[in-house]
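Only one structure is covered here, and it is reproduced in the block below.
The values are calculated or read from the model by the stated rules, or taken from the named source; none is laboratory data. Source: prediction; values computed, not measured. Heads up, the Cβs are rebuilt from the backbone with ideal geometry, glycines too, and the neighbour counts pull from every protein chain shown. These accessible areas exclude ligands, DNA and RNA; they are computed on the full protein's heavy atoms, side chains included. Shrake-Rupley method; radii C 1.70, N 1.55, O 1.52, S 1.80 Å.
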Amino acid sequence: MGNFIAKPSTQLAGYVKQYWAVEDIVPSGLQHLQRIVPNGLPELTFYLGNTPESLDSRQRYRGNLVLCGQHNAFHDIVITGEISLFSISFRPYALKILFGIPANELNNINVSLFDICGNEAYILEFKLAESRSFFEKIKVTEQFLLKRLNLNFSKNNIQRIADSLTIIDKSYGSADIGLLASKAFLSRKQYERMFAEYVGASPGQFLRTVRFQHSLHIKHCKKNIPLTELAYLCGYYDQSHMIHEYKLLSGLTPSQYFAECEPVSDYFQEFP
């Protein structure tokens, strides 16, 4: 039982943020309701135990290897029985490079990896199931991802996106889209199209997610911070603006969210 987390190898650090795993059991006859909110990170998850049931028909989990794109809204899942999963959190632009598809094709949906990788996915599932430890699963996954790494992508485009993400991260989601387009030497329309293709969300949607994730990170670090100060630090116009965006992304007001959910940011969380 427990939670595990690890960094990727140097070769994959530009595409993978982290590997993580959970081992737990929901007592017989009980169920756990989990709210999933946008975190800015596509994920590939291998379910060894029960696969969660999504209460949103658009977010159904199919199979044991599930690839999740960018989300711009919340959904709830129900977990019962044995919780045993291994997951890869990707960098925002990794899906197009590793799987050769426009990232916006996976916007707000979960798909079986078999639909994208075919027989490679069956081999990966078998090897993950046979792996006896968290770190063995990482080794198997890295071998798979390194074979998938497409070095023929446009280096100019990926550098533009990487530079944009650096600006977005440093501004904690408060960057100006026009400025981002200008620094990428593209018109705003060209930039928005390229950003969606590589990241899987429009620049505006992604900025909203990053701002939301930053507020969760600040709240995690400063448990007793007043909401008015949190709104100011996180680039919201005022507390009403923050409440509006929280409802869009989580279905809850900030007060409700902090009362019901642990304020942890997958996007900004770092570990040694």
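Calculated mean residue ellipticity at 222 nm for the chain: -13000 deg cm²/dmol, from DSSP H runs with n ≥ 4 weighted as -39500 (n - 2.57), summed, divided by the residue count and rounded to 500. Accessible surface of K139, taken over heavy atoms with a 1.4 Å probe and every protein chain present, rounds to 130 Å². For the pair Q143 and D169, a Förster radius of 30 Å applied to the C-beta separation gives a FRET efficiency near 0.55, rounded to the nearest 0.05.
Scanning residues 5 or more positions from D76 or on other chains, those with amide H under 5 Å from its amide H are I36, L55, D56, with H placed 1.01 Å from N in the peptide plane. Sorted largest first, the spans of the alpha carbon positions of the range 58-203 along the three principal axes are 49, 35, 26 Å. Annotation: R148 carries an accessible surface of approximately 50 Å², with a 1.4 Å probe and no ligand, DNA or RNA atoms counted.
Starting from the Cα gyration tensor of the range 119-272, take the square roots of the eigenvalues, sort them a ≥ b ≥ c, and report rounded, prolate or oblate (rounded when a/c is under 1.5, otherwise prolate if a/b is larger than b/c, else oblate). Oblate, since a/c reaches 1.5 and b/c is not below a/b.
Only lysines eight or more places from K170 in sequence, or on another chain, were considered; those with a Cα closer than 22 Å are K7, K17, K183, K219, K222.
Separation of the range 116-180 from the range 43-94 is 17 Å, based on Cα centroids. Couplings for the range 66-82, taken from phi via the Karplus curve 6.51 cos²θ - 1.76 cosθ + 1.60 with θ = phi - 60°, read 10, 9, 10, x, 5, 10, 10, 8, 8, 8, 10, 10, 10, 10, 9, x, 7 Hz in order; Gly and Pro are left as x.
Taken about its Cα centre, the range 177-272 carries a charge dipole of roughly 300 debye when the Cβ of each Lys and Arg holds +1 and the Cβ of each Asp and Glu holds -1. The alpha carbon gyration tensor of the range 39-88 gives principal lengths a ≥ b ≥ c with a/c of 1.5 or higher and a/b no greater than b/c, which makes the shape oblate.
With θ taken as phi - 60° and the Karplus curve 6.51 cos²θ - 1.76 cosθ + 1.60 applied, the whole-hertz 3J(HN,Hα) list for the range 102-115 is x, 4, 6, 5, 9, 5, 6, 9, 10, 10, 6, 4, 4, 5 Hz, x standing for glycine and proline. Restricting the chymotrypsin sites (Phe, Trp or Tyr not before Pro) of the range 133-208 to loop positions (DSSP other than H, G, I, E, B) with no more than 16 neighbouring Cβ atoms within 10 Å leaves F153, F185. Okay, which of the range 3-19 sit inside 17 Å, backbone N to the point 7 Å along the Cα-Cβ direction of A162? So the set is 8-18. What you get for the chain, charging only the Cβ of Lys and Arg (+1) and of Asp and Glu (-1), is a dipole of about 780 debye around the Cα centre.
Semi-axes of the equivalent ellipsoid for the chain, computed as √(5λ) from the eigenvalues of its C-alpha gyration tensor and ordered from largest down, come to 29, 26, 16 Å. Counting only DSSP beta bridges whose two residues both lie in the chain, roughly 100 percent are antiparallel. Computed 3J(HN,Hα) for the range 225-231, one whole-Hz value per residue from the Karplus formula 6.51 cos²θ - 1.76 cosθ + 1.60 where θ = phi - 60°, is 5, x, 4, 5, 5, 4, 4, glycine and proline marked x.
Computed with a 1.4 Å probe over protein heavy atoms only, the accessible area of E120 comes to about 70 Å². Placing dummy labels 7 Å off each Cα toward the beta-carbon, the span from E270 to S9 is 2.4 nm. Dipole magnitude for the range 1-94: computed about the Cα centre from +1 point charges on Lys and Arg Cβ and -1 point charges on Asp and Glu Cβ, it is near 380 debye.
Scanning residues 5 or more positions from K17 or on other chains, those with amide H under 5 Å from its amide H are S89, F90, R91, with H placed 1.01 Å from N in the peptide plane. Normalised by the number of residues in the chain, the mean separation of alpha-carbon contacts (under 8 Å, six or more apart) gives a relative contact order of 19 percent.
Taking amide H as placed 1.01 Å from N in the peptide plane, I109 has its amide H under 5 Å from the amide H of G69, each at least 5 places away in sequence or on another chain. Compute the Cα gyration tensor for the range 230-272, then decide on rounded, prolate or oblate, letting a ≥ b ≥ c be the square roots of its eigenvalues: rounded whenever a/c is under 1.5, prolate when a/b is larger than b/c in the other cases, and oblate in all that remain. It is oblate, given that a/c is not under 1.5 and a/b is not larger than b/c.
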